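Before any comments, here is the structure.
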Amino acid sequence: MAPDPALTAALADIRADATFWSTTAPTVGGCGDQAAGLRFDGAELGIFSPLKSAVNGVSDLVRDRCSEGETAMDDIADKVANAAKLIEEADRW
């Protein structure tokens, strides 16, 4: 029996979504790497050196959230791809 064309198209769309999530995740992680590069060691701040901990705290916060976002997006990609696989397997019965 030939597969249902609508199901085949839907599975292709689901797999495309999974690919989107997995290819976008490193971009989000890269944003965190860029944010980490905004940290100051104190010399750059001059008279504003008392702000060092606040500025570095924001940089660390952005880096951490981007890292969490990258992990979450990878998880989403895995779950979406697995859903497509399960649907395809269920359709074979």
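Could you check how much of the accessible area of segment 28-93 is carbon and sulfur, as a whole percent, using a 1.4 Å probe?
Heavy-atom surface of segment 28-93 belonging to carbon and sulfur, 1.4 Å probe: 60 percent.
Run the simple label-point estimate for D75 and A90 please: 7 Å along Cα→C-beta, distance reported in nm.
It is 2.2 nm.
Hey, can you grab everything whose amide H is under 5 Å from the amide H of F40? Only 5+ residues off in sequence or another chain; H modelled, so Pro and N-termini drop out.
Amide H to amide H, under 5 Å and 5 or more residues apart or across chains, F40 pairs with N56.
Can you tell me the mean projection area, over all orientations, of the convex hull of segment 1-58's alpha carbons? Units nm², please.
5.3 nm²
May I ask you to give the solvent-accessible area per residue for segment 1-77, in square angstrom, as obtained with a 1.4 angstrom probe?
On a per-residue basis, 66 Å².
The values are calculated or read from the model by the stated rules, or taken from the named source; none is laboratory data. Nothing here was measured: the structure is a model prediction, and the numbers come from that model. Every residue, glycine as well, gets a Cβ built from its backbone with ideal geometry; the counts of neighbours run over all protein chains shown. Heads up: the accessible areas ignore ligands, DNA and RNA and are worked out on the full protein's heavy atoms, side chains in. Shrake-Rupley method; radii C 1.70, N 1.55, O 1.52, S 1.80 Å.
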